[in-house]
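All remarks here apply to the structure that follows.
What follows draws every value from the coordinates through simple rules; no lab data is involved. Everything numeric here is computed off the predicted structure, so don't read it as measured data. Glycine also receives a Cβ, built like all others from the backbone with ideal geometry; neighbour counts cover every protein chain displayed.
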Amino acid sequence: MGNPVPRPFLKWAGGKTQLADAILERMPVSFNTYHEPFVGSGAIFFRLYRDRKIRHAILSDINAELIDTYLAIRDHVLEVISILEQYPHDKAFYYEIREKDPWTMSLPERAARMIYLNKTGYNGLYRVNRQGKFNVPFGKYKSPKYLDRENLIAVSQALQDVDLLCVSFETVVERAKMGDWVYFDPPYVPLSQTANFTSYQPNGFGVQEQAKLRDVCVELTRNGVFVTLSNSDTRLIRDLYFPEYFLTDEVLANRAINCNGAKRGKITELLITNYPVERAIQLQLLETRGTYLIHSAS
Ligand SMILES: C[S@@+](CC[C@H](N)C(=O)[O-])C[C@H]1O[C@@H](n2cnc3c(N)ncnc32)[C@H](O)[C@@H]1O
């Protein structure tokens with residue numbers, strides 16, 4: 001039996017497939033719109049969709065090529081498929097398509113290029129140089145599955161009622177309403193924090209951004225929005241998410257544990273919520289207090 005569809009159509013650093021069960025076990029008992037402001041490959045969104053837990057969703061990310069790929073699959077999936085059908089698995093072709101400027105291509109062509117480079121490039125990395133050019137070398141795969149018709153069509157169906165936005169995470173405060181649920185999966189705080197973590201992060205997500213995200217979570221809580229957030233088990237994250245508003249839960253994840261990624265093992269990660277995670281407690285609080293947010297204005 002193959003993997004169920006729809007599932008992530010890109011390989012993405014920090015993909016959350018592994019934590020999906022833990023996150024699903026901790027969802028709010030009921031919510032309106034689902035928001036995912038660091039959507040990446042969308043592992044949690046697709047799982048929630050498959051489990052029929054979502055009515056309406058707003059997915060966003062700061063990566064414009066990524067959001068365009070989602071848009072193209074939502075609105076022009078057959079074109080994306082027919083372009084991918086013409087792409088050979090070939091090193092020379094890989095470099096030819098890699099050299100093309102995606103912003104001169106049509107939306108479906110740009111999406112097909114993104115999927116092709118992601119599935120045939122080294123390790124499924126998305127990496128651009130200072131000029132914003134994709135610079136991952138050709139990967140050593142025998143027959144990479146860059147054309148997965150069944151999944152692309154299922155993804156397109158799943159996205160039909162989804163709003164897709166290329167925006168930074170803090171804009172979610174303008175959209176999320178009381179009773180909505182937001183799941184944040186930001187770039188993680190590195191486990192081995194070097195002295196320069198505070199000043200520079202290659203992904204642009206340093207201490208200041210992590211603190212800004214915490215402030216966004218506080219504001220959402222004040223607006224009656226349910227929040228779930230994952231991050232690494234680090235002092236910084238434990239200090240930022242204080243107990244008056246947040247509950248911090250440890251979960252086990254299988255991750256690369258040294259810098260070259262060769263050695264893997266179980267490590268703890270943090271799942272933070274602004275509501276108790278047990279369903280029975282949520283229902284009980286709802287009955288007695290009318291809300292189950294840990295910090296509520298009432
Ligand atoms: C850890 S990944 C998310 C992984 C995702 N949950 C998955 O299953 O693939 C973090 C994502 O945050 C995005 N990102 C980085 N800075 C951002 C910002 N300021 N606002 C919104 N998204 C951002 C990156 O483009 C990346 O896709």
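Miscellaneous remarks
- Value of relative contact order over the chain, rounded to a whole percent, pairs C-alpha under 8 Å and six or more apart: 20 percent
- Cross-link reach list, lysines versus K177, counting only Cα pairs under 24 Å and skipping chain neighbours closer than eight places: K53, K212
- Simple point charges give the picture: +1 on the Cβ of Lys and Arg, -1 on the Cβ of Asp and Glu, and for the chain a dipole about the Cα centre of about 880 debye.
- Calculated diffusion of the chain, Stokes-Einstein form, Kirkwood radius summed over Cα pairs, 10 °C and 1.306 mPa s, µm²/s: 78 µm²/s
- Sorted by Cβ neighbour density within 10 Å, fewest at the top, the residues E109, E96: E96, E109
- W12, W181, W103 arranged by Cβ crowding within 10 Å, fewest neighbours leading: W103, W12, W181
- Selection from L152, L84, N135, by position along the positive dipole direction of segment 68-156 (Cβ): N135
- Placing +1 on the Cβ of every Lys and Arg and -1 on the Cβ of every Asp and Glu, with nothing else charged, gives segment 68-156 a dipole about its Cα centre of roughly 480 debye.
- For P4, the shell of other residues with beta-carbons less than 12 Å away shows a net charge of +1, using +1 for Lys and Arg and -1 for Asp and Glu.
- Using alpha-carbon coordinates, inclination of helix 207-222 to the longest axis of the chain, degrees: 50 degrees
- Over segment 12-86: Rg over Rh, Cα atoms, Kirkwood Rh: 1.01
- Segment 68-156, Cα convex hull volume normalised per residue, Å³: 90 Å³
- Residue among F246, V167, A112 farthest towards the positive dipole end of the chain, charges placed on Cβ: A112
- With K and R counted +1 and D and E -1, the other residues having a Cβ less than 14 Å from that of I67 yield a net charge of -4.
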